[in-house]
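Participant: To start, I am sharing the structure in question, which I have written as structure tokens.
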Amino acid sequence: MAATDPQERLATYRAKRDFSVTAEPSGAGAAPSGSDRFVVQRHRARRLHYDLRLEIAGVLVSWAVPKGPTLDPKARQLAVHVEDHPVEYFDFEGVIPKGEYGGGDVVVWDWGTWSPAKEEDPLRSIEKGDLHFDLRGEKLAGRFVLVRRDSGTDTSGKEQWLLLHKNDDAAVPGWDPEDHPRSVKSGLTNDQVASAPSAQWRSDLPAAEASQALGGAPPPVWEGPTDEELQALDKLGKGGLWTMQGRELKLTNLDKVLFPGQPPVTKREVVRYYAVIARWMLPYLYDRPLNLNRFPDGVAKPGFWHKEVPSHAPDWLQQWHNPEADPGETRCYAVVDSVPAVAWMANFGGLELHAWTSRLPDVHQPTWALIDIDPGTTTGFDDILVLARLYRTALEHLGVVGMPKVTGKRGVHDLDSDR
Ligand code: MN
């Protein structure tokens, strides 16, 4: 007789995972909601497979299908009966840390509701090795059959089953799950989730806490200045008050040349440019204290580092007071979080905005690391590319996503992000 108690059924799930880091019982507090859900997760672990999970008796009864479920009535797919998963895993999408059981990336490939085709208790059907059921998902629909193979277990001791689709109205000959790779939860592919996961599954924690958000909420979206606001900037004389997005900016020396050349670029044009591109810069700046490299007299003269927010800064400019600043150290940093703030920085001569690698409030916890690859006097950009690729390969060995960030001059920053 199959166990119907979720705790009992999750024994194998727990046995594969180390819960010793916490005193709490694993799987506790699981509150199943909706009792007839199914999910298919596309899971790139050591090998790509699709995990088909049916919610039964408070757990997700699961099969790993290497080639994926299909609507093709001719296909007979291997389905390895794997351990039940806790219902908290139902809509999990993100990464499982490398080195842990199932380490890799997961998207919610399909979800919906299911129902057994026969009257009898589905756990009993599964025990007998023959389950007929209907799926109502976003990709999968119609009558499926799971049947245990006589050959029994694979080398790891797991039962081998076959998954097939009946030739009913929902059947589609030749249908290939790999032609439909995106998540039904987010629209993302596995590659996209792997490069910027929003969550990780910590199977060493109790199920209720195992899904952990990564990188916080998605960044806000900013809008650029309106045409009317830009026209008002053009009409200002040498300086004056510019109102943009409800903020007042006191602009000065707008006709001063900051970039000499043909044609020369004035401070007005630089302020305008920063205001227009601010919406693309802000995702990298917001919530981060700033160090400025200032060029108030133009880029032909050497710049200088500036960190302390000046007393004449507008009161709407977000500031962060460093509580750990020693006497003589910078106490108050600007935190640029709006389009007017970016434009104000340009007026201040803050042409290079160097955001901290950490974000508020946890300034001791960097969210990325930078490897600064600068060419020497006898090396060129080709040498930089060789080095950048070597770094990328080395980072891959560490399970870290590396991305190139060109500095606009000669070098490459190898940006190593945890999200
Ligand atoms: Mn899996």
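Participant: Check Val401: other-chain or 5+ apart residues with amide H under 5 Å from its amide H, H built from backbone geometry?
Facilitator: Ser417
Participant: So, one more: Residue separation times 0.36 nm, minus the C-alpha to C-alpha distance between Glu178 and His364: what's the value? Walk me through the numbers on the way to the answer.
Facilitator: Numbers: separation 186, 0.36 × 186 = 66.96 nm, distance 4.23 nm.
Residue separation times 0.36 nm, minus the Cα-Cα distance, leaves 62.7 nm.
Participant: Over what distance in Å are the Cα centres of the stretch 52-98 and the stretch 263-340 separated?
Facilitator: 50
Participant: Just the number, please: Stokes-Einstein D of the chain in µm²/s, Kirkwood Rh from C-alpha pairs, 4 °C, 1.567 mPa s.
Facilitator: Details: Rh = 25.7 Å.
Diffusion coefficient, whole number: 50 µm²/s.
Participant: Enumerate the amide H contacts of Asp130 below 5 Å, restricted to partners 5 or more residues apart or on another chain; note that Pro and chain-start residues carry no placed amide H.
Facilitator: Hits under the 5 Å cutoff: Arg148.
Participant: Just by accessible area at a 1.4 angstrom probe, what is the order of Trp305, Trp175 from largest to smallest?
Facilitator: Trp305, Trp175
Participant: Give the residue from Val107, Leu351, Val363 lying farthest towards the positive end of the charge dipole for the chain; charges sit on Cβ (+1 for Lys and Arg, -1 for Asp and Glu) and the dipole is referred to the Cα centre.
Facilitator: In the chain, that residue is Leu351.
Participant: Would any residue of the stretch 324-360 have its amide N under 12 Å from a label point 7 Å out along Cα→Cβ of Ile277? List them or say none.
Facilitator: Correct set: 351-353.
Participant: Among the aspartates and glutamates, which fall within straight-line cross-link reach of Lys238, defined as a Cα-Cα distance under 18 Å, with same-chain neighbours fewer than 8 residues apart omitted?
Facilitator: Of all the aspartates and glutamates, those that pass the test against Lys238 - Cα under 18 Å, at least 8 places apart if same chain - are Glu229, Glu248, Asp255, Glu269, Asp297.
Participant: I've got another one for you. Order Lys238, Lys118 by their accessible area, 1.4 angstrom probe, all chains in place, largest first. List each step's numbers first, then the result.
Facilitator: Values: Lys238 155, Lys118 95 Å².
Descending accessible area places them as Lys238, Lys118.
Participant: Follow-up. How much FRET efficiency would the formula 1/(1 + (r/R0)^6) give for Ala325 and Gln212, where r is the Cβ-Cβ distance and R0 is 35 Å, rounded to 0.05? Intermediate values should be presented prior to the final figure.
Facilitator: On the way: r = 32 Å, r/R0 = 0.92.
Here the calculated transfer efficiency is 0.65.
Participant: Under a 1.4 Å probe, what is the accessible area of the stretch 227-366 per residue, stated in Å²? Intermediate results must be reported in sequence, preceding the final value.
Facilitator: Working: 7540 Å² over 140 residues.
Computed with neighbouring chains in place, this is 54 Å² per residue.
Participant: To make sure I understand the rule: partners must be aspartates and glutamates, Cα under 15 Å from the Cα of Lys74, and not fewer than 8 residues away in the same chain. Which ones qualify?
Facilitator: Answer for Lys74, where 15 Å is the Cα cut-off: Asp168, Asp169, Asp176, listed by chain and number.
Participant: What dipole magnitude, in Debye to the nearest 20, does the chain give about its Cα centre under +1 on Lys/Arg Cβ and -1 on Asp/Glu Cβ? Don't skip to the answer; put the middle values down first.
Facilitator: Numbers: 48 positive and 60 negative charges, 190 e Å.
My answer is approximately 920 debye.
Participant: Tell me which residues come under 5 Å, amide H to amide H, from Arg202 once H is placed; ignore anything under 5 positions away on its chain.
Facilitator: For Arg202, whose amide H was placed from the backbone, the distant partners under 5 Å are Ser211, Gln212.
Participant: So what J values fall out for the stretch 123-136 if you push phi through Karplus, 6.51 cos²θ - 1.76 cosθ + 1.60 with θ = phi - 60°, rounded to Hz, Gly and Pro as x?
Facilitator: Ordered by residue, 3J(HN,Hα) equals 5, 5, 4, 5, 4, 6, x, 7, 10, 9, 7, 10, 10, 10 Hz.
Participant: While we're on this one: Give me the extension gain from Glu228 to Arg392: residue separation times 0.36 nm, minus the current Cα-Cα distance, reported in nm with one decimal. Let's see the in-between values first.
Facilitator: Numbers: separation 164, 0.36 × 164 = 59.04 nm, distance 4.51 nm.
Length difference between fully extended and current span is 54.5 nm.
Participant: Here is a further query. Val145 to Arg47: FRET efficiency via 1/(1 + (r/R0)^6), r the Cβ-Cβ distance, R0 30 Å, to the nearest 0.05?
Facilitator: Working: r = 24 Å, r/R0 = 0.80.
With a Förster radius of 30 Å, E is 0.80.
Participant: Could you work out the local net charge near Phe90, counting Lys and Arg as +1, Asp and Glu as -1, over the other residues with Cβ closer than 10 Å to its Cβ?
Facilitator: Working: positive: Arg37, Arg53; negative: Glu55, Glu88, Asp91.
My count for the surroundings of Phe90 gives -1.
Participant: What list of ³J(HN,Hα) couplings, whole Hz, do you get for the stretch 181-186 from phi and the Karplus terms 6.51, -1.76, 1.60, once you set θ to phi - 60° and write x for glycine and proline?
Facilitator: Along the stretch 181-186, the couplings run x, 7, 5, 7, 8, 10 Hz.
Participant: Continuing with the same structure: Enumerate the calculated ³J(HN,Hα) couplings along the stretch 368-379 in order (Karplus 6.51 cos²θ - 1.76 cosθ + 1.60, θ = phi - 60°), each rounded to whole Hz, writing x wherever the residue is Gly or Pro.
Facilitator: 8, 10, 10, 10, 8, 10, 10, x, x, 6, 10, 10
The values are calculated or read from the model by the stated rules, or taken from the named source; none is laboratory data. Keep in mind that what you see is a predicted model, and the values were worked out from it rather than measured. Reconstructed Cβ throughout: ideal geometry from the backbone, glycine too, with neighbour counts over all protein chains shown. The protein model used for the area step is the full one, side chains on, heavy atoms only, and it has no ligands, DNA or RNA in it. Shrake-Rupley method; radii C 1.70, N 1.55, O 1.52, S 1.80 Å.
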